[in-house]
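First comes the structure, then the notes that go with it.
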Ligand code: THG
C-alpha cells in the first residue's frame, strides 16, 4: 500500500516523537489519530512482546469524559453491563449499544468518582453519541475529550519496569484496577490492563507535556530489561481473542454475537438504551457468533476486507482478522460464523484473496 499523507486531521500523539525516534515502520489510523502497527516486524515484535516488555503509544484510545451529578446514570444508559457494584478504582470492559442493541464501541470504563468517569474508547466517534444522549435526556453532565493519553507497558517484565518508576505499589494493583501514582509530582491513573494477554499496565497520561518525559523515563529505566517501543500486535491479539471494533464487529452486531454476553447483565441494567432490544434478541439467542478459526496452508496475507467463510459452497460467515502464528504453527483467525456451522471441529473453507483455504472452528482462542 502507498503511504498515508500526514495532516492535522490525522492527529499526532504526545508520544509520537518517541515512536519516530524508535523507528516505527507502519501506522494505522484510530480515532483520527496515529497508532503504530510495526516496529521491527510484526513477527519480531510478537516474540519480543511475549518475552520482555514494550512501551506502547495507545494515545488513540481517547477518553470520553463524563462529569457531573448524572454521570453514573448516563454511563448505565450506554451499556448493558450492570454498573451498580462498580467501585471507584475499578475499570470495566463495557459493550456500548444503541437502541437496536447494536455495538457502538467496546471501551474500558474507568470510574474515577461517583460523578466522574472516563470511557477509554475503541475506534468509533463515541463522543457524539454520548453527548447526544446527555442533551436529549437533559442530563446534568459535562461530556468532553480531555487531554488524557494512555501509554501501555506490556509484557512479562512490565511489573518489574513499572516498579522501578512508580515504586512497589504497582505490584499490588489487581487486574482491571487502578491506583493513582505520582510521576514528576503529578498523580496519574495507573491500571493493570492493556490490549495483550502478556500482562501489564496502562498509564493514563493526564497532560500532553508529560508524554515524552514519561516515555523517556520508561525507556531509560528498562534498558537492562530489553525494553523497546512496541504496539498492539496483530498475531498476539488474535491468539488471545481480543476483538477489534470495526474489524471484527460493527453496529450490525449485538454483544452476544461478539461473544461479549459475559459482559452483559441486560436484565438488571436498568436504564440501558439498548435493553429492550437486547432482551428481545437474548430470548432467541444469537444466530451467528464470533469464533476462533484455524486456517490451513501457508501464512495468509493481511485481512483488509472480510473473507467469506464457505461450507458446501454456501456462505456461512466471514473472517475479519487473520495472521500466521509462529508459536502455534497455523494461521489464527477471528470469524463470525452462522449457528449451523459454529461447533468446534466444524470444517470450513475460506475464500482468501489467493484462493480457497481449509479451516476448522476451534473450541476457544489460543490461550
Ligand atoms: N485499553 C484501554 N482502552 C482501550 C483498549 C485497551 N480502548 C480501545 C480498545 N482497547 C477497547 N477494546 C478492548 C478489548 C479487550 C480488552 C480491553 C479493551 C480486554 N479484554 C480482556 C479479555 O477479553 O480477556 C479482559 C476483559 C475483562 O475480563 O474484563 O482487556 O486495551 N484503556
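Every read-out reported here was derived from the displayed coordinates using simple, explicitly stated rules and does not represent laboratory data. These numbers were taken from a predicted model, which means no experiment stands behind them. Backbone-built Cβ (ideal geometry, glycine too); neighbour counts: all protein chains shown.
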>> With 10 angstrom as the radius, rank 173, 4 by how many other C-beta atoms surround their C-beta, starting from the fewest.
In response: 4, 173
> What percent of all Cα-Cα pairs in segment 288-367 falls in each 10 Å bin, counting up from 0?
Replying inline: 21, 60, 19, 0
> Using Cα-only point scatterers and the Debye equation, what is log10 of I(q)/I(0) for segment 233-343 at each q in 0.17, 0.21, 0.24 Å⁻¹, rounded to two decimals?
Replying inline: -0.84, -1.14, -1.35
> By average Cβ neighbour count within 10 Å, what is the ranking of 92-101, 15-24 from highest down?
Replying inline: 92-101, 15-24
> Hey, could you pull the Cα Rg and Dmax for the chain, both in Å?
Replying inline: 20.6, 64
> Between residue 226 and residue 298, what FRET efficiency comes out of the Förster formula 1/(1 + (r/R0)^6) with R0 = 35 Å and r the beta carbon distance, rounded to 0.05?
Replying inline: 0.70
> In nanometres, what is the gap between the two model label sites at residue 356 and residue 88, each 7 Å from Cα along Cα-to-Cβ?
Replying inline: 6.1 nm
> Separation of segment 172-232 and segment 313-328 by C-alpha centroid, Å?
Replying inline: 33 Å
> What value does segment 33-142 have for Rg/Rh, both radii from Cα atoms and Rh as Kirkwood defines it?
Replying inline: 1.07
>> With Kirkwood's inverse mean 1/r over C-alpha pairs for Rh, give me the Rg to Rh ratio of segment 1-82, two decimals please.
In response: 1.11
>> Could you tell me the ratio Rg/Rh of segment 94-188? Both radii from Cα atoms, Rh via Kirkwood.
In response: 1.04
>> Please compute the modelled spin-label separation between residue 182 and residue 265, points set 7 Å along Cα→Cβ, answer in nm with one decimal.
In response: 3.7 nm
> In a GNM of the chain with a 10 Å cut-off on Cα contacts, which of 184, 90, 216 has the highest mean-square fluctuation?
Replying inline: 184
